[in-house]
Amino acid sequence: MDHDPYEGTTNMEGAAKYLKRNYWTFRTSYKHYQVPCEQIGGRLCFRFAHLDAWNKANPNLMRLQREAA
């Protein structure tokens, strides 16, 4: 059985929900804040493990962004 490349991933809307952010705010700022993502089969995917590591390494970044919104 082949490995599913999408296993453990989510799309942009799912990543925003996972990080408890507004979708449109997340969509416009994910590149600026260097949130890890990758193109798989033409789709932008966010791995949950990478989101967890990024959020742990940048604990104040999302908090500050929430306060500014």
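Measure off, as a whole percent, the carbon and sulfur share of the 1.4 Å-probe accessible area of the chain, all protein chains present.
The C+S portion of the solvent-accessible surface of the chain is 51 percent.
Semi-axes of the equivalent ellipsoid of the chain: what are they in whole Å, largest first, if each equals the square root of 5 times a C-alpha gyration tensor eigenvalue?
Here the semi-axes work out to 23, 12, 9 Å.
Given the whole protein assembly as supplied and a 1.4 Å probe, what does the accessible area of Glu7 come to in Å², nearest 10?
120 Å²
Please calculate how many Å² of accessible area the chain carries per residue, with a 1.4 Å probe and no DNA, RNA or ligand atoms counted.
Heavy-atom SASA per residue in the chain reads 72 Å².
List, in order, the whole-Hz ³J(HN,Hα) value for each residue of region 53-58 obtained from phi through the Karplus relation with A = 6.51, B = -1.76, C = 1.60 and θ = phi - 60°; use x for Gly and Pro.
5, 5, 5, 5, 6, 10
Net charge within 15 Å of Thr9 by Cβ-Cβ distance, Lys/Arg positive one each and Asp/Glu negative one each, not counting Thr9 itself?
-2
Output wanted: per-residue J couplings in Hz (rounded whole) for region 28-44, from phi through Karplus 6.51 cos²θ - 1.76 cosθ + 1.60, θ = phi - 60°, x for Gly and Pro.
Each residue's phi maps through the Karplus curve to give 7, 10, 4, 5, 4, 8, 6, 5, x, 8, 8, 8, 10, x, x, 10, 7 Hz.
The values are calculated or read from the model by the stated rules, or taken from the named source; none is laboratory data. Keep in mind that what you see is a predicted model, and the values were worked out from it rather than measured. Cβ atoms come from the backbone with ideal geometry, glycine included; neighbour counts cover every protein chain shown. Please note that ligands, DNA and RNA were not included when accessible areas were found on the heavy atoms of the full protein model with its side chains. Shrake-Rupley method; radii C 1.70, N 1.55, O 1.52, S 1.80 Å.
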